[in-house]
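All remarks here apply to the structure that follows.
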Amino acid sequence: MDAPAKLDAYAKLYADVLRGKRMCLCGMLAAEYRTLPKPMQNAVIGFFDENEAWLEAVLVQGQEEGTLEFTGSASDAARMIVSALEGAMLVSRPYGDPTRFQATAARLFASLTQSSSATELAGSR
């Protein structure tokens, strides 16, 4: 699977959770991070670290394939993706409108791809 398709599938995971009227558990726990016991704090950080590492590898793959473009490091771009998707999910939830999330994710990935047709994302499937 090429890198843009992997990014679309990744965003689809978030969109599916949101469509089910749920939220990312680690995103919710992050909001209360300081009140969590240390093992849970470590698990939350581990979740985000694993996601960022996977995204970093996908971004590097995309650069090597010539399907993704971004400035700065793949690590910084991966952090931006996780932060943007978590935030988009959180902000979309009170509206009860997953298309708000989908539009944000599509726009985010369009900024990384050479061909915006590769970003017809999650919710349109």
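The values are calculated or read from the model by the stated rules, or taken from the named source; none is laboratory data. In this text the structure is predicted, and so the values were computed from the model without any measurement. For neighbour counting, all protein chains shown are included, and Cβ atoms are generated from backbone atoms with ideal geometry for every residue, glycine included.
So the values come out like this:
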| item | result |
| --- | --- |
| Residue selected from the stretch 62-71 under the condition in contact with an Asp or Glu (Cβ under 8 Å, 6 or more places away or on another chain) and in a helix (DSSP H, G or I), by the criterion surrounded by the fewest Cβ atoms within 10 Å (Cβ to Cβ) | Glu65 |
| In the stretch 87-105, residue farthest from Val17 (Cα to Cα) [restricted to those that are surrounded by 20 or more Cβ atoms within 10 Å (Cβ to Cβ) and either free of Cβ contacts under 8 Å to residues at least 12 places away in the same chain or of a type in the set (Gly, Ala, Ser) (or both)] | Ala105 |
| Number of positions in the stretch 11-32 that are free of Cβ contacts under 8 Å to residues at least 60 places away in the same chain, of a type outside the set (Gly, Ala, Ser) and surrounded by 14 or more Cβ atoms within 10 Å (Cβ to Cβ) | 3 |
| Residues of the stretch 30-51 that turn out to be farther than 12 Å from Glu86 by Cα and in a helix (DSSP H, G or I), as a count | 15 |
| Among (1) at pLDDT 95 or above; (2) loosely packed, with under 14 Cβ neighbours inside 10 Å; (3) more than 17 Å from the chain's Cα centre (by Cα) - the single one Gln41 does not satisfy | (2) |
| Criterion: loosely packed, with under 14 Cβ neighbours inside 10 Å, modelled with pLDDT of 95 or more and closer than 22 Å to Ala106 by Cβ - qualifying residue of Ala78, Ala84, Ala5, Ala74 | Ala5 |
| Gly62, sole failed condition from (1) within 23 Å of Arg22 (Cβ to Cβ); (2) touching a Leu at 6+ places or on another chain (Cβ under 9 Å); (3) small (Gly, Ala, Ser); (4) modelled with pLDDT of 95 or more | (1) |
